[in-house]
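Below is one structure, written out as structure tokens, with a few remarks after it.
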Amino acid sequence: MRPSAGVVIPTRGDRPGPLRAALTGVLAQEYAGRVEVVVVADEVPASLVAQQVSGVAGSVAGSAAAEAVRTVRVLGNRRAAGLPGARNTGISVLGTDLVAFCDDDDLWLPGKLSAQVTALAEEPEAGFASCAVEVEYGDRRVPRLAGTGRVTHRHLTRSRMMMVHSSTFLFRRGWTWVDESAPAGQNEDWDLALRAAWRHPIVHVDRPLVRVRWGSSHYVGRWADRIAGLEWMLARHPGLAAEPRGAARVYGQLAFCHAALGRRREAARWSLRAFSARPGEPRAAVALAVAGGLVSPRAVLHALHLRGHGI
């Protein structure tokens, strides 16, 4: 018998269309095991979200997925307000063998759940799995692959590896929790992946089985929150500063965020640290261009997003 899987979908209730699509993508997975979905309403009434997703479960009736048990419930966030608390609320009420996440603006593609469950079964000592993604931005879709079937702690200190995305996470229940101290929920997924990889390399299915939709994130443009989140990661994971390439990446991001806020002195300081860690770090050069008024932060992000990348 296939292990049961619980899926946590946090939402703030302000994008019902994508939420219904995300829920449909989960319920339509052709997976023989039981699937329980918990939609967690964060800072909005659970009754409102329940209305938004009403009838979605019935939309998979008659499909292969409908032959297995599928349940959906909507709860209010019972823990700290924000994404980490919402995720932990979902984890706390699930009694399934496995737990997965799906953001309310992302979409699981066919075969996602089965492929990851199989990959975990083939490596019993592993507790955490991810998969490659397809980034959707406007009318463009760009696959982002890891180039490996095992994501190590060093991989994640050298690079954020955005394809190890929260909507790809699948782990054994009891393996981990989300840290609710993450400032404004920033980088809670990177922190979670780092902690998981420290215990055992993450089993990675390097096929794009999740569509990550960019352009509607609550975190876009919240530069002060991004700064707080990056500083939190540096304090929480000293190994980031010890790895030159990874350190330069984070310092360059900090430089860019400060530049976006018009803090030219801070942007220059973090750019210098980035160049010291890794001469030629591109994020530092871009940050200086933004600080000097040569290009806007929005234009930079737009150009990167078209290629399926972030800053």
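Every read-out reported here was derived from the displayed coordinates using simple, explicitly stated rules and does not represent laboratory data. Quick caveat: nothing in here was measured; it's all calculated off a predicted structure. Positions of Cβ are generated from backbone atoms using ideal geometry, with glycine treated the same way; all protein chains shown enter the neighbour counts.
Among Ser271, Ser59, Ser114, which one shows the highest mean-square fluctuation when the chain is modelled as a Gaussian network with alpha-carbon springs under 10 Å?
It is Ser59.
Using a cut-off of 10 Å between beta-carbons, work out the net charge of the residues near Gly13 (Lys and Arg +1, Asp and Glu -1, Gly13 not included).
Every neighbour counted, the sum reads -2.
With the Cα gyration tensor of region 139-238 giving a ≥ b ≥ c as the square roots of its eigenvalues, does the rule (a/c under 1.5 for rounded; else a/b larger than b/c for prolate; else oblate) give rounded, prolate or oblate?
Oblate is the answer for region 139-238, as a/c is 1.5 or above yet b/c matches or exceeds a/b.
For region 1-94, with equal point scatterers placed on the C-alpha atoms only and solvent neglected, what are the log10 I(q)/I(0) values from the Debye formula at q = 0.11 1/Å, to two decimals?
These q points yield log10 I(q)/I(0) values of -0.29.
Taking amide H atoms as placed 1.01 Å from N in the peptide plane, list the residues 5 or more away in sequence, or in a different chain, whose amide H sits under 5 Å from that of Cys131.
For Cys131, whose amide H was placed from the backbone, the distant partners under 5 Å are His165, Val205.
Given DSSP loops and a limit of at most 11 other Cβ atoms within 10 Å, what is the longest stretch of the chain that contains no such GluC sites (Glu not before Pro)?
After excluding every exposed loop site, the longest remaining stretch is 126-311.
Not counting the cut sites, what is the longest span of the chain without chymotrypsin sites (Phe, Trp or Tyr not before Pro) that DSSP labels loop and that have at most 14 other Cβ atoms within 10 Å?
Segment 1-176 is the longest.
For Arg173, what charge total do you get from the other residues with a beta carbon under 14 Å from its beta carbon, if Lys and Arg give +1 and Asp and Glu give -1?
Summing Lys/Arg as +1 and Asp/Glu as -1 gives +1.
Out of these labelled values of Cα extents along the principal axes in Å, (1) 47, 46, 37; (2) 60, 49, 36; (3) 59, 41, 36, which was calculated from the coordinates shown here?
(3)
Report the net charge of residues surrounding Ala193, where surrounding means a beta-carbon distance below 14 angstrom and charges are Lys +1, Arg +1, Asp -1, Glu -1.
Surrounding charge for Ala193 is +4.
Amide H to amide H under 5 Å from Gly111: which residues, 5+ apart in sequence or cross-chain, H placed 1.01 Å off N in plane?
Amide H to amide H, under 5 Å and 5 or more residues apart or across chains, Gly111 pairs with Glu30.
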